[in-house]
Amino acid sequence: MAVIAADVGGSKTWLGWFPDAASSGSTTFFDNHAFHDFAPVLAAFLAQHPAIDPAHTTLSVAIAGPVQAHAHCRMTNLPWVIDAAALQHQFGFARVLLLNDLEATAFAMPGPAMTAHLLPLNGSVVDFRHPVAVLSVGTGLGESLLLPEGDGGFRVVPAEGGHKSLAPFDSQSASLVYAAFAAGRTSLSWEEWFSGSGLPDLYQALFPQDLPLSSADITRQAQAHPLSHGAQCIEFMVQGLFAEAGNMALQYWSEGGVILAGGVAQHIAPWLQQTARQEAFSRKSQHVDWLQRVPLALCTSTQAALMGALAFGRRQQMRGS
């Protein structure tokens, strides 16, 4: 049976049609800001592929937001509500499956096609025989956990860890958090500063006298001028991401490694590969030696969540559920 896989993020949607298990698929990109909901995006994709027969197709959708029972999601960074039953009724799919985008990203990681896209950051290779944590930096900040099972398979534990309260990781971050609360903030999450959507706010917190900049402008400035405020902001962001990656490693005892994924992570890859920035990963009060042995990797694929949605759809087809 065919699968349509989708990756619905805060700013864009990727859709792919995979007629059979041997097919490499046909993928299309959509700008979410041009649509008021996911259903019109799906309708536009189906119009481009008239050969698709929904009655013999599974729709598997990875979504940037909390998904309830693989059936319903109110997105975090878009005013979209995606419901499996409504999509099945409207389009006539054989089945519709929803999953969190970080759950999907984790599902993709052990596949042979994806492991070729895992760039080691500290010299060690991710080992999927042990728990592996995934930290995805895109429009938002997502977290998930990949757990091995006794039969050689694995299961994925989705989470909304990006919305945890931000914990200072050095004196500068402590000062910034203190200033934010002194100015009237009642809460501050990791995602609000350490993500694509949060980067402009982090820049303003670091350099309140500067004119506001978009995430793209900050990254361009950082790439062009290594000593600029933009570069300093990216360097600070990377230290924070490694600090939270270390928190995840400790929380889940992820001996297999921690993978950084997502579009923003790829844009800041040169900073992620700097050994000096990675020091924040193991700068903890305990288990420092152990953390220094935990593999760190960057997923260089732009299609991880899409491929994870496909893998999940195929697995559910095989299970007949």
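The values are calculated or read from the model by the stated rules, or taken from the named source; none is laboratory data. Values in this document were obtained by computation on a predicted structure and should not be read as measured data. No Cβ is skipped: glycine too gets one built from the backbone with ideal geometry, and neighbour counts run over all protein chains shown.
Some observations on this one:
- Selection within the stretch 62-96 - of a type in the set (A, V, I, L, M) and in contact with a Gly (Cβ under 9 Å, 6 or more places away or on another chain): 62, 63, 64, 75, 78, 82
- Complete set of residues in the stretch 125-148 that are surrounded by 23 or more Cβ atoms within 10 Å (Cβ to Cβ) and over 9 Å from residue 257 (Cβ atoms): 134, 135, 136, 137, 138, 139, 140, 141, 142, 143, 144, 146
- All positions within the stretch 156-171 that are in a loop (DSSP other than H, G, I, E, B) and either in contact with a helix residue (DSSP H, G or I) (Cβ under 6 Å, 6 or more places away or on another chain) or among the hydrophobic types (A, V, I, L, M, F, W, C) (or both): 166, 167, 168, 169
Quick grid of which residues meet (1) in contact (Cβ under 8 Å) with a residue 40 or more places away in the chain; (2) among the hydrophobic types (A, V, I, L, M, F, W, C):
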residue: 266; (1), (2): no, no
residue: 273; (1), (2): yes, no
residue: 278; (1), (2): yes, no
residue: 298; (1), (2): yes, yes
residue: 301; (1), (2): yes, no
residue: 306; (1), (2): yes, yes
residue: 310; (1), (2): yes, yes
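- A count restricted to the stretch 204-237 and to residues that are free of Cβ contacts under 8 Å to residues at least 60 places away in the same chain and under 19 Å from residue 165 (Cβ atoms) stands at 2.
- Unique match (being modelled with pLDDT under 95 and either among the hydrophobic types (A, V, I, L, M, F, W, C) or surrounded by fewer than 21 Cβ atoms within 10 Å (Cβ to Cβ) (or both)) among 197, 228, 214: 197
- Pair list, Cβ under 7 Å, 6 or more apart: the stretch 149-173 residue within 26 Å of residue 284 (Cα to Cα) and touching a residue at least 24 places away in the same chain (Cβ under 8 Å), other residue surrounded by 12 or more Cβ atoms within 10 Å (Cβ to Cβ) and of a type in the set (Val, Ile, Thr): 166/177
- Helices (runs of 4 or more DSSP H) within the stretch 221-316 that include 2 or more residues under 20 Å from the mean Cα position of the chain (by Cα): 229-252, 263-267, 269-272, 275-282
- Some residue of the stretch 182-203 being free of Cβ contacts under 8 Å to residues at least 60 places away in the same chain, of a type in the set (Asp, Glu) and in a loop (DSSP other than H, G, I, E, B): yes
- From 5, 64, residue being surrounded by 24 or more Cβ atoms within 10 Å (Cβ to Cβ), at pLDDT below 95 and within 17 Å of the chain's Cα centre (by Cα): 64
- Screening the candidates 262, 152, 161 for the property of being small (Gly, Ala, Ser), at pLDDT below 95 and in contact with a Cys (Cβ under 9 Å, 6 or more places away or on another chain) yields one hit, 262.
- Restricted to helices (runs of 4 or more DSSP H) entirely inside the stretch 1-111, those with at least 2 residues that are under 29 Å from residue 131 (Cα atoms) and touching a residue at least 12 places away in the same chain (Cβ under 8 Å) are 101-108.
- Test: residue 25 is surrounded by fewer than 19 Cβ atoms within 10 Å (Cβ to Cβ), under 19 Å from residue 307 (Cβ atoms) and not aliphatic (A, V, I, L, M): yes
Residue-wise test of (1) within 17 Å of residue 170 (Cα to Cα); (2) in contact with a helix residue (DSSP H, G or I) (Cβ under 8 Å, 6 or more places away or on another chain).
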position: 212; (1), (2): no, yes
position: 221; (1), (2): no, yes
position: 233; (1), (2): yes, yes
position: 260; (1), (2): no, yes
position: 271; (1), (2): no, yes
position: 276; (1), (2): yes, no
position: 290; (1), (2): no, no
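- Residue 202 assigned by TED's automatic domain parsing to the domain that holds residue 136, surrounded by 19 or more Cβ atoms within 10 Å (Cβ to Cβ) and touching a helix residue (DSSP H, G or I) at 6+ places or on another chain (Cβ under 7 Å): yes
- Among the residues of the stretch 264-313, the ones that are farther than 17 Å from residue 237 by Cβ and crowded, with 18+ Cβ neighbours inside 10 Å come to 18 in all.
- Taken over the stretch 249-276, the criterion of being aliphatic (A, V, I, L, M) and either touching a Gly at 6+ places or on another chain (Cβ under 7 Å) or more than 27 Å from residue 156 (Cα to Cα) (or both) is satisfied by 264, 276.
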